[in-house]
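Have a look at the structure below, then the notes.
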Amino acid sequence: MGDICKTREGKYVIGLDYGTLSARAVMVSVSSGEVVTESVYTYPHGILRTLPGETAEGVVPGAETSDAGARELPADFALQDIDDYVEALYDTIRTVVEKSGCRAEDIIGIGIDATSSTFIPMAAGCEPLCKMEEFCRDPHAQLKLWKHHGAQEEADRITALANERKEEFMMRCGGKVNAEWMLPKLMEIAEKAPEVYDAADNFMEVSDYLVYLLTGEVTRCMCHAGYKLLWNEEDGYPSEDFLRTLHPRLASMEGKLKGRPVQVGECAGQLTKEAAGRLGLRAGTAVAASLIDAHVAVPSVGIDGADKALMILGTSCCMLLCSEKLSYIKGISGCVKDAVLPGLYAYEAGQSAVGDLFEWFVQNCVPGSYEKEASEKGITVHALLSEKASNLAPGESGLVALDWWNGNRSYLADAKLSGMILGMTLRTKPEEIYRALMEAAAYGMRAIFEEFGKGGVTADKLYACGGIVGKNPFMMQLYADILGQTIYTSSTDQGSAFGASVYAAVAAGEQSGGYLSLNEAARIMGKGCGRKYEPIPQNVEAYHSLYREYKILHDYFGTGGNEVMHRLKR
């Protein structure tokens, strides 16, 4: 064992995380888990609001065409430029290699994760359809981001049919299909852009495509399939009969999901000579199977066993809870065995807007006087609002909000829901609204944990990582008070990228200086030793009653008491 440990000394791995608006890479020491260097690449095109077009012909339903001929995409569309992702791949990895000064032969593995389901239709030969002349202006041929909600109608129909037929796979997804998953998005393409569906040779998660660019190997990580395509290790994908009933074209779905099946922690392939030359690395370097951005963060905080939960708090929020139990949990985003840690079921749930929600408020609802004050203090508007909000007592503002600015991911799984603030008066101040939005995010997480408790799946220990953890201590204290639970945070700011590096160390293998098992890698490399947030007893008590008010509104507007949000959205 001593000789094996010695082989890890001086060895490094790279983790690359693709978020909603940027990608970031870290280089990490295999033996200590120390982050040597990092790099961030912001997507130049962000989330596309328009597509180029000379006429209104072929415009997606609900879109408008400007005088300049650019297609205005519907509000529920979220598309991105695949070139941004490709450039980020080479830019971030090349940068950390150069900044680190490490020898190429000492860098033993690369791990990549991305949001999911973020996927792209491919022509034969792994060429993105959107790069072909006949499809370059078709919105449905583009990279569809996780937060694309154009397939909500399809998601509802899949749910209805599956429940009518009593399909067993519904037990693993909480009884409701989410519009953010690949299956409803594929159905959307089959119905609204049949020419794109027919031309596609393969529908690839973007992280699988990036692995292909590095290795030349077409692989499909079954973690994505489990959470986004209703696949499970016992029954495979939904039956051809079920898919044909949804839409005749979907009967061919499995044939359009090409790639050698791989599991998390597995080596998907080795770095090609061409890719190695572009990155300054050694050809033959191990590249791990692609990963989902939330799931990959679990080992980054040192979680190596059951009954521990992790909240990943950023633009949106994902919560992962690993358990030995298989149970029905209403509205979860999936439950897949071996998808995070070997031998355990990994339950996913979360919220579609957290950081996005706070950013919306700052960009649209804060008076100029607050911006001026923040500038004079040399802090951000977010920091100023948090500072002011921290001086309020729980309930002092008289406000309660519903956190559905981007729909509800869990446990209502309804993208047609919208946000709400109740209790506004002529005396209401921006910091009071900001605090109410923060509280709403924490209430939403509490509602999720309560549903898990009803299914007998609980967490003995709660961790948190993500951008909000490092940027907003006040928000973290709110989570502790509203959840009534101690929260352990990560000591690294790049939880997902760091987690991808842990999987890279496992993919590289013990003989190359990596690890034999993910559990061991998590224990040694994991960074779950950041700040600890203890709930404040008097705040916990106050939030018990305030949460009851939130839950009344949550159930009334979210479970059929009043579908006014659906009507207004139409």
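Side notes on the structure shown:
- Answer residue from the stretch 459-494, given it is of a type in the set (Val, Ile, Thr) and within 22 Å of the chain's Cα centre (by Cα) and is surrounded by the fewest Cβ atoms within 10 Å (Cβ to Cβ) among those: ILE487
- Residue check, ALA268 of a type in the set (Gly, Ala, Ser) and either assigned to a loop (DSSP other than H, G, I, E, B) or free of Cβ contacts under 8 Å to residues at least 40 places away in the same chain (or both): no
- Residues satisfying the stated conditions in the stretch 430-462, i.e. more than 28 Å from ARG157 (Cα to Cα) and outside any helix (DSSP H, G or I): GLY456, VAL457, THR458, ALA459, ASP460, LYS461, LEU462
- Condition check for ALA155: more than 30 Å from GLY350 (Cα to Cα) and among the aliphatic types (A, V, I, L, M): no
- Qualifying positions in the stretch 93-124 - in contact with a helix residue (DSSP H, G or I) (Cβ under 8 Å, 6 or more places away or on another chain) and surrounded by fewer than 21 Cβ atoms within 10 Å (Cβ to Cβ): ARG94, ALA104, ALA123
- Residue within the stretch 312-321 that is under 27 Å from ILE524 (Cβ atoms) and part of a loop (DSSP other than H, G, I, E, B) present: yes
- For the stretch 387-429, the tally of residues that are among the hydrophobic types (A, V, I, L, M, F, W, C), in a loop (DSSP other than H, G, I, E, B) and within 19 Å of TRP146 (Cβ to Cβ) stands at 5.
- LEU516 being surrounded by fewer than 15 Cβ atoms within 10 Å (Cβ to Cβ) and either closer than 18 Å to LEU320 by Cβ or of a type in the set (A, V, I, L, M, F, W, C) (or both): yes
- The condition of being at pLDDT 95 or above and under 30 Å from ALA179 (Cβ atoms) holds for only one of ALA413, ALA442, ALA393, that being ALA442.
- Residue list for the stretch 497-538, filter: part of a loop (DSSP other than H, G, I, E, B) and not hydrophobic (A, V, I, L, M, F, W, C): GLY509, GLY513, GLY514, TYR515, SER517, GLY526, LYS527, GLY528, GLY530, ARG531, GLU534, PRO535
- Selection within the stretch 125-161 - in a strand (DSSP E or B), surrounded by fewer than 24 Cβ atoms within 10 Å (Cβ to Cβ) and in contact with a Leu (Cβ under 9 Å, 6 or more places away or on another chain): PRO128, LEU143
- Beta carbons closer than 7 Å, at least 6 apart along the sequence or on distinct chains, pair a first residue in the stretch 73-100 that is among the β-branched types (Val, Ile, Thr) with a second that is in a helix (DSSP H, G or I) for ILE82/CYS130; VAL86/LEU213; ILE93/LEU279; VAL97/LEU279.
- Test: residue in the stretch 106-124 that is out of contact with any Pro (no Cβ under 9 Å at 6 or more places or on another chain), in a helix (DSSP H, G or I) and closer than 27 Å to GLY265 by Cβ: yes
- Residue count for the stretch 185-231 satisfying the condition of being of a type outside the set (A, V, I, L, M), within 25 Å of the chain's Cα centre (by Cα) and over 17 Å from ARG249 (Cβ atoms): 16.
- Where ALA193 falls short, out of the listed (1) touching a His at 6+ places or on another chain (Cβ under 6 Å); (2) closer than 19 Å to THR115 by Cβ: (2)
- Residue satisfying all of: in the stretch 338-361; among the aliphatic types (A, V, I, L, M) and part of a loop (DSSP other than H, G, I, E, B); surrounded by the fewest Cβ atoms within 10 Å (Cβ to Cβ) among these: LEU344
- Taking the listed residues TYR90, TYR12, TYR18, the one that is in contact with a helix residue (DSSP H, G or I) (Cβ under 7 Å, 6 or more places away or on another chain), modelled with pLDDT of 95 or more, closer than 19 Å to HIS148 by Cβ and not small (Gly, Ala, Ser) is TYR18, with no other qualifying.
- Residue in the stretch 363-376 that is of a type in the set (D, E, K, R) and either surrounded by 22 or more Cβ atoms within 10 Å (Cβ to Cβ) or under 19 Å from TYR543 (Cα atoms) (or both) present: no
- Qualifying residues in the stretch 170-190 (those that are in a helix (DSSP H, G or I) and out of contact with any helix residue (DSSP H, G or I) (no Cβ under 7 Å at 6 or more places or on another chain)) - the one nearest to LEU143 (Cα to Cα): LYS185
The values are calculated or read from the model by the stated rules, or taken from the named source; none is laboratory data. Remember, predicted model here, so these are calculated numbers, not experimental data. Cβ atoms come from the backbone with ideal geometry, glycine included; neighbour counts cover every protein chain shown.
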